[in-house]
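The values are calculated or read from the model by the stated rules, or taken from the named source; none is laboratory data. Predicted, not measured: the structure shown is a model, and the values here were computed from it. Neighbour counts are summed over all protein chains in view; Cβ atoms, including those assigned to glycine, are modelled from backbone coordinates with ideal geometry.
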Amino acid sequence: MRTITRFTHSRATLLAAGTTYYLFLALFSVLTLAYGVTAAVGAEQLARYVTEALTEAFPGLVGGSGIDPEELRSIAQATSIISAVALLYGATGAVLAASRSLHAVYGAAKNPRNFVRVRLWALGWFLALAPLILLSFVSASFTTDLAGRLLDAFDLDWVGPRLLLTAGALVLTMVLNFLVVYLMLGRLGGIRPARTPLLAGAAVGALAIEVLKQVMALLVGWVIDRPQYGALAAPIGIMFVLYLQSSALYATASLTAALAETRGAPAAPEGAPAN
């Protein structure tokens, strides 16, 4: 009841809708930046990871009938400094939207940093969280590639079942999901919940987000395959996925705050050591 009350009174569904707007705008900025960086440093493997992550998260967005990754690379390479700043502004806007929403769920005061500092703060968190989220979507390929490199280094051949690699990829995915949720719940909300509620909330959130990732990939693929939706199919599917993911995050934040209240351990202000 505490979780439901906090989720309802904070208008978390409305917060999720607002966050979805910023995430949707930031998505294409992030794509352009990601492909631009891979083109600049010649990291073909990283570009493949980016494309695979997008395919897993939003089937049909890139490749085939979607956006051509090569076009994104060309756009990024031709981007001016002013345009790059605008792209970073859009990406940090998504972090700020999530942070302000978590402040509302927790009942925390507004971020006291000035405009410049808060943007730099958001940029730092974006650079920290984005690689973790990317890796969580490509854990299977990353685990396979890493295992292959290790076997080659020791001059070994693996002829056993792929079950071990699949299990390793799943464990890596859940660890990354947990880490992302833990950092967001513990660092972006203006209040640091006590350690036990935070761990419990992050565990529930990691599981919920992974279930949503699997279900929503199927749903987005189904929507995109419906010709009656036309060009709107991909945006509809993408926005729906982002909305559900945002709602899950704020529901998890409500649970974390409710667990902290139940234990009678008040949350610590941001920057203070958690209990």
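Here are some notes:
- Among residues of the range 194-218, those that are modelled with pLDDT under 75 and either under 20 Å from Tyr21 (Cα atoms) or surrounded by 18 or more Cβ atoms within 10 Å (Cβ to Cβ) (or both), counted: 2
- Taking residues in the range 16-38 that are over 15 Å from Leu134 (Cα atoms), and partners anywhere that are among the β-branched types (Val, Ile, Thr) and modelled with pLDDT of 75 or more, the pairs with Cβ atoms closer than 8 Å and at least 6 places apart or on different chains are Phe24/Ile238.
- Val181 in contact with a helix residue (DSSP H, G or I) (Cβ under 7 Å, 6 or more places away or on another chain), under 24 Å from Leu14 (Cβ atoms), surrounded by 12 or more Cβ atoms within 10 Å (Cβ to Cβ) and at pLDDT below 85: no
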